[in-house]
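For reference, the structure discussed in these notes is given below.
The values are calculated or read from the model by the stated rules, or taken from the named source; none is laboratory data. Note that the structure is a prediction, hence the values are computed from the model and not measured. FYI the Cβ positions are ideal-geometry reconstructions off the backbone, even for glycines, and counts take in every protein chain you see. With ligands, DNA and RNA removed, areas are computed over all heavy atoms of the protein, side chains included. Shrake-Rupley method; radii C 1.70, N 1.55, O 1.52, S 1.80 Å.
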Amino acid sequence: MKHRMIALIAFLATAPMASPALAQRFVDHPGFWHPASGWGHMLFGGLMMIIFWGGVIALIVLLIRWLGGPGDSRSDKPQASDAPDILKQRYARGEIDREEYLQRKQDLGE
């Protein structure tokens, strides 16, 4: 996941560098895509705006994740240390009945 985000940020950071080369190409070959007609500016300007704001949003998300530090979204759940604790929690939540609880407790050697 981290490698994909880094690749995305690198792409978003370097993509605007291609626009001057594209604009120069269109100046050399007038026609439908000629910047003076407005179509080239509308299409590539909108694309560059989306890429720019996508990069800004991606950087903000990465910054927030980095400042949040290492964490797990499941960290607010109580962590069971061993099998008897898990068994007790399942019985307390009503996932298993009394007979199953006693049988599994006996199987675990308690």
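Summary of values
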quantity	calculated
Whichever residue in the stretch 28-46 is within 23 Å of L12 (Cα to Cα) and open to solvent by 80 Å² or more (accessible area, probe 1.4 Å) and, among such residues, is modelled with the lowest pLDDT	W39
G54 being at pLDDT 80 or above and either surrounded by 11 or more Cβ atoms within 10 Å (Cβ to Cβ) or among the aromatic types (F, W, Y) (or both)	yes
Hits in the stretch 87-110 - residues which are hydrophobic (A, V, I, L, M, F, W, C), open to solvent by 70 Å² or more (accessible area, probe 1.4 Å) and at pLDDT 90 or above	A92, L102
Flag if M17 is of a type outside the set (S, T, N, Q) and either modelled with pLDDT of 80 or more or open to solvent by less than 100 Å² (accessible area, probe 1.4 Å) (or both)	no
